[in-house]
């Protein structure tokens, strides 16, 4: 199977995540794109992350109804810090494409066992505003740039907008928006 893995905090999952998955699916002839929320993202240890069960439920809602998208909770269920290499090693029978935003790809050399990540998967890079191609230096890896518009969406920005009392409707999938509203996520207490 040719599998795309699109991981992240998904705090919340937003339209740029879906565009990245769709673009990779089409341009790289992927059989499936697996959206995988991180359980305990070690690189975000210094900031508060929404509880994993909320991020999992939002991810399920974000990909629902799209035949070639799926959600996978293995990182949410894993104890301890979440490392991409551990997840990639779970898919030894698949031809794996790791889908990253250019900002994440630029930071890949700092990842746990980065060389192994780059050797295990093709790295598909989604353009991001403010990140030049030269900033992405993947060690010993296969890199392909996706051709897509640069979308200036991020979980950080969406949480700030929502925290300021403004709407993020149409920046996240409608079922995700409904979940955020129902559970009063990203609002000041």
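The values are calculated or read from the model by the stated rules, or taken from the named source; none is laboratory data. The structure displayed is predicted, hence computed values, not measured ones. Heads up, the Cβs are rebuilt from the backbone with ideal geometry, glycines too, and the neighbour counts pull from every protein chain shown.
Some points to look at:
- Scanning the stretch 13-49 for residues that are over 10 Å from the mean Cα position of the chain (by Cα), modelled with pLDDT of 95 or more and part of a loop (DSSP other than H, G, I, E, B) returns 28, 29, 30, 31.
- The single condition among (1) free of Cβ contacts under 8 Å to residues at least 60 places away in the same chain; (2) touching a helix residue (DSSP H, G or I) at 6+ places or on another chain (Cβ under 8 Å); (3) farther than 19 Å from residue 108 by Cβ that residue 25 does not satisfy is (2).
- Within the stretch 73-95, considering residues that are in contact (Cβ under 8 Å) with a residue 60 or more places away in the chain and crowded, with 20+ Cβ neighbours inside 10 Å, the one nearest to residue 53 (Cα to Cα): 75
- Evaluation of residue 6 against (1) closer than 29 Å to residue 132 by Cβ; (2) in a strand (DSSP E or B); (3) without any contact (Cβ under 8 Å) to a residue 60 or more places away in the chain; (4) touching a helix residue (DSSP H, G or I) at 6+ places or on another chain (Cβ under 7 Å) (one fails), failing number: (3)
- Any chance residue 57 is over 14 Å from residue 38 (Cβ atoms), in contact (Cβ under 8 Å) with a residue 60 or more places away in the chain and either assigned to a helix (DSSP H, G or I) or touching a helix residue (DSSP H, G or I) at 6+ places or on another chain (Cβ under 9 Å) (or both): yes
- Yes/no for residue 174 being loosely packed, with under 14 Cβ neighbours inside 10 Å and under 28 Å from residue 97 (Cα atoms): yes
- Qualifying positions in the stretch 121-143 - within 19 Å of residue 33 (Cβ to Cβ) and under 18 Å from the mean Cα position of the chain (by Cα): 121, 122, 123, 124, 125, 126, 127, 128, 143
- Breaking point among (1) in contact with a strand residue (DSSP E or B) (Cβ under 6 Å, 6 or more places away or on another chain); (2) free of Cβ contacts under 8 Å to residues at least 60 places away in the same chain, for residue 119: (1)
- Note on the stretch 64-73: residues that are under 17 Å from residue 87 (Cβ atoms) and either out of contact with any helix residue (DSSP H, G or I) (no Cβ under 6 Å at 6 or more places or on another chain) or part of a helix (DSSP H, G or I) (or both) total 2.
- Conditions (1) out of contact with any strand residue (DSSP E or B) (no Cβ under 6 Å at 6 or more places or on another chain); (2) more than 19 Å from residue 19 (Cβ to Cβ); (3) at pLDDT 95 or above: number failed by residue 173: (2)
- When residues in the stretch 148-185 are screened for being under 21 Å from residue 7 (Cβ atoms) and part of a loop (DSSP other than H, G, I, E, B), 9 of them pass.
- Here the stretch 121-144 is the region considered, the condition is being touching a helix residue (DSSP H, G or I) at 6+ places or on another chain (Cβ under 7 Å) and over 13 Å from residue 108 (Cβ atoms), and the residue that is surrounded by the fewest Cβ atoms within 10 Å (Cβ to Cβ) is 127.
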